[in-house]
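The structure appears below as structure tokens.
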Amino acid sequence: VECSNVDEALEAAGAGANIVLLDNFTPQELHRAAAQVKAAHPGVTVEASGGVVLGTLPQFLGPHIDVVSMGCLTHSAPALDFALRV
């Protein structure tokens, strides 16, 4: 479940979400929110996303973060146009 604040994340985890995506948090907010989610729901996977680029990646890594998504890997990927005829 994509969450934009810690209250949403805790609600999603409490409702049974297996993965909580903390989107567009500053690194400081992210680590605080992730720690709260893990304390209340240790089995939930916490994913960080939004604004993460290679230069800032280390700031988003931490003991309560299980997965980091980086849209910059796909946003600038070249397109390929092809057809499959059977």
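The values are calculated or read from the model by the stated rules, or taken from the named source; none is laboratory data. These figures come from a predicted structure and were not determined experimentally. Backbone-built Cβ (ideal geometry, glycine too); neighbour counts: all protein chains shown. Keep in mind that these areas ignore ligands, DNA and RNA; they rest on the heavy atoms of the full protein, side chains included. Shrake-Rupley method; radii C 1.70, N 1.55, O 1.52, S 1.80 Å.
Distant-in-sequence amide contacts of V68, defined by a placed amide H-H separation under 5 Å and a gap of 5 or more residues or a different chain, comprise A48.
With all protein chains kept in place, the per residue accessible area of the chain amounts to 65 square angstrom at a probe of 1.4 angstrom. Our summary gives the chain a relative contact order of 24 percent, counting only alpha carbon pairs under 8 angstrom and 6 or more residues apart. Is the range 2-73 best put as rounded, prolate or oblate by its Cα gyration tensor, with a ≥ b ≥ c the root eigenvalues, rounded for a/c under 1.5, and otherwise prolate when a/b is larger than b/c, oblate when not? Cα axes put the range 2-73 in the prolate bin. Put simply, the amide H of F25, placed in the peptide plane, has neighbours under 5 Å in S49, leaving out anything fewer than 5 places away on its chain. Carbon-plus-sulfur accessible fraction, the chain (probe radius 1.4 Å, protein heavy atoms only): 56%. Using 1/(1 + (r/R0)^6) with R0 = 41 angstrom and r between the beta carbons of A15 and A79, what's the FRET efficiency to the nearest 0.05? Once rounded, the FRET efficiency stands at 0.65. Counting only alpha carbon atoms, the long axis of helix 27-40 and the longest principal axis of the chain meet at about 60°. Distances between placed amide hydrogens fall under 5 Å for V52 paired with G71, all partners being 5 or more residues away or on another chain.
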